[in-house]
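See structure below.
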Amino acid sequence: MKKYVLLAATLASFLTPFMGSAVNLAVPAIGREFHLEALMLNWIVTSYLLASSVFLLPFGRAADLYGRKKVFLAGIITYTLLSLLSGLATSGEMLILFRILHGIGGAMIFGTGVAILTGVFPPQERGKVLGINVAAVYTGLSLGPVVGGFLTHQLGWRYIFLLNFLLGLIVVLVTVFKLKGEWRDGRGEKYDPAGAVLYSLGMTALMYGIAAVNSAPHAPWVLLLGVVLLASFIRQELRYRYPLLNLNLFRNLVFAFSNLAALIHYSATFAVGFLLSLYLQVVRGLDAQTAGFILLAQPILMALLSPLAGRLSDRVEPRLLASLGMALSFAGLFLFSLINKTTPLWTIMGYLVLLGIGFALFSSPNTNAVMSAVEKRYYGVASATLGTMRLVGQALSMALVTFFFGLYLKGTAITPAASPLLLKSMHISFLLFAVLCAGGVFFSLARGEVREKEGRL
């Protein structure tokens, strides 16, 4: 059965990053077909990420208590069905609704796939299968721009979702017919419904408030409500015996600052593919297929160098490697804030290579630092926390872009005529992302020595 568990978990880990990076290439085509203005286009990407980040913790905890296979299967069925429905959407509003439901299915997958792998494979095989799983994530990121650009250019954007439907169907069939038994570690513990509600509503209000503050008069109040709800969530978690999120782990500075660094890095880098897809297709007039090949430069470097950076972090202090990676990301983002309509394409690819190297040097060593900062019995919680930081960071990245699009492009369709406003939005977004990375270098360096911590565990 182990090989089928690996197949299901690996395919599921491939699907979500593949679809995310592929849809970025389809955004201009979706906008043209549905006549969507800039803010609506942003929500096609943001809605999925927001739903995923909001429901990851509640579903991850539910899987621990009630069964990971149950939640994983419900997630992959939801994800697969919504892939089909998204490909059949007849309006922008319908597509965004389907993307929200799509994201809920994605949250169920994120919170369970790796946990099932860890539970099925013995410790001596765990590193190998987790390495395969990570390779699937980066393969999805690498193939997404190429396949997404090709499908959009040759067949139409709907085929991206239809391909995800077919691949998801394979995972559903393997899970139903080949995965026997159930996995759960939280027997005897209780679910925290109040924490789940406070977290979900608070995150939704916070992200929506940030994204819509320029386009909706009520958004500042929604943002304030999000802050109040999340403060209440923290109070609830500190008092509840079986919390959704073990906040006591954050008293460990290595763990806390490593997670904060991850949140900052994903917030600063995730929207790069979305912005550059618009830049290459709308400002530069390239087709989706060509734009996809250009965007491939970043994930290829991430896929090639991440395993090397991970191994290097076993010998070199992880915070130093991660901080160097964050610094390179800062440099790449700052350079992107200077591009214009005539910047050579080879220069764009060079900046993407710089970002890819920075991401590789940051991600694996930072993950190593997080997992090395806790005792073995907290590995599951630490992994889920880091996953939450990743998804929240990605959602925040798109929310910030939506904020600047609302500032400069409110009510404007994304057409070549809007290029000056699009460039202005891009420049300020990339500059803010660079500033975030500069601050992230500080937190990355301030986390302390992982090796010293390991010696005390």
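So Gln394 passes all but one of these: (1) closer than 18 Å to Asn259 by Cβ; (2) surrounded by fewer than 18 Cβ atoms within 10 Å (Cβ to Cβ); (3) at pLDDT 85 or above. Which condition number does it fail?
Single failed check for Gln394: (2).
Going by what's in this entry, would Gly310 be described as farther than 30 Å from Gly285 by Cβ and under 22 Å from the mean Cα position of the chain (by Cα)? Quick ask: steps written out before the conclusion?
Numbers: farther than 30 Å from Gly285 by Cβ: yes; under 22 Å from the mean Cα position of the chain (by Cα): yes.
Taking the combined requirement at face value, the residue satisfies it.
Kindly establish whether Phe121 is at pLDDT below 85 and either in the same structural domain as His35 (by TED's automatic domain parsing) or within 17 Å of the chain's Cα centre (by Cα) (or both).
On the way: at pLDDT below 85: yes; either in the same structural domain as His35 (by TED's automatic domain parsing) or within 17 Å of the chain's Cα centre (by Cα) (or both): yes.
The answer is yes for Phe121.
Consider Ile234 carefully, then state whether it is free of Cβ contacts under 8 Å to residues at least 24 places away in the same chain, in contact with a helix residue (DSSP H, G or I) (Cβ under 8 Å, 6 or more places away or on another chain) and hydrophobic (A, V, I, L, M, F, W, C). Step through it out loud before you land on a result.
Working: free of Cβ contacts under 8 Å to residues at least 24 places away in the same chain: yes; in contact with a helix residue (DSSP H, G or I) (Cβ under 8 Å, 6 or more places away or on another chain): yes; hydrophobic (A, V, I, L, M, F, W, C): yes.
Yes.
From the residues in region 230-246 that are modelled with pLDDT under 90 and under 18 Å from Ala62 (Cα atoms), which one is surrounded by the most Cβ atoms within 10 Å (Cβ to Cβ)?
Going residue by residue through region 230-246, those that are modelled with pLDDT under 90 are 237-246.
Restricting the remaining residues to those that are under 18 Å from Ala62 (Cα atoms) gives 237, 240-246.
Values: Glu237: 20, Tyr240: 13, Arg241: 7, Tyr242: 16, Pro243: 19, Leu244: 24, Leu245: 20, Asn246: 15.
Out of the qualifying residues, it is Leu244.
Does region 146-169 contain at least one residue that is closer than 29 Å to Gly285 by Cβ, surrounded by fewer than 20 Cβ atoms within 10 Å (Cβ to Cβ) and free of Cβ contacts under 8 Å to residues at least 40 places away in the same chain?
Among the residues of region 146-169, at least one is closer than 29 Å to Gly285 by Cβ, surrounded by fewer than 20 Cβ atoms within 10 Å (Cβ to Cβ) and free of Cβ contacts under 8 Å to residues at least 40 places away in the same chain, which makes the answer yes.
Scan Ala413, Ala418, Ala446 and give me the residue that is more than 23 Å from the chain's Cα centre (by Cα), closer than 28 Å to Phe257 by Cβ and surrounded by fewer than 23 Cβ atoms within 10 Å (Cβ to Cβ). Quick ask: steps written out before the conclusion?
On the way: Ala413 fails: closer than 28 Å to Phe257 by Cβ; Ala418 fails: closer than 28 Å to Phe257 by Cβ.
The conditions single out Ala446.
Look at Ile109 and say whether it is under 22 Å from the mean Cα position of the chain (by Cα), surrounded by fewer than 19 Cβ atoms within 10 Å (Cβ to Cβ) and in a helix (DSSP H, G or I).
Values: under 22 Å from the mean Cα position of the chain (by Cα): yes; surrounded by fewer than 19 Cβ atoms within 10 Å (Cβ to Cβ): no; in a helix (DSSP H, G or I): yes.
So Ile109 fails the test.
Please list, ordered by residue number, the helices (runs of 4 or more DSSP H) wholly in region 1-106 having 2 or more residues that are under 25 Å from Ser419 (Cβ atoms) and touching a helix residue (DSSP H, G or I) at 6+ places or on another chain (Cβ under 8 Å). Give the steps one after another, and end with the answer.
Values: elements: 2-34, 38-66, 68-87.
So the answer is 2-34, 38-66.
Return the residues of region 225-258 that are within 21 Å of Thr204 (Cβ to Cβ), in a helix (DSSP H, G or I) and within 21 Å of the chain's Cα centre (by Cα); say none if nothing qualifies.
Gly226, Leu230
The values are calculated or read from the model by the stated rules, or taken from the named source; none is laboratory data. Please read these numbers as outputs of a predicted model, since none were measured by experiment. Neighbour counts are summed over all protein chains in view; Cβ atoms, including those assigned to glycine, are modelled from backbone coordinates with ideal geometry.
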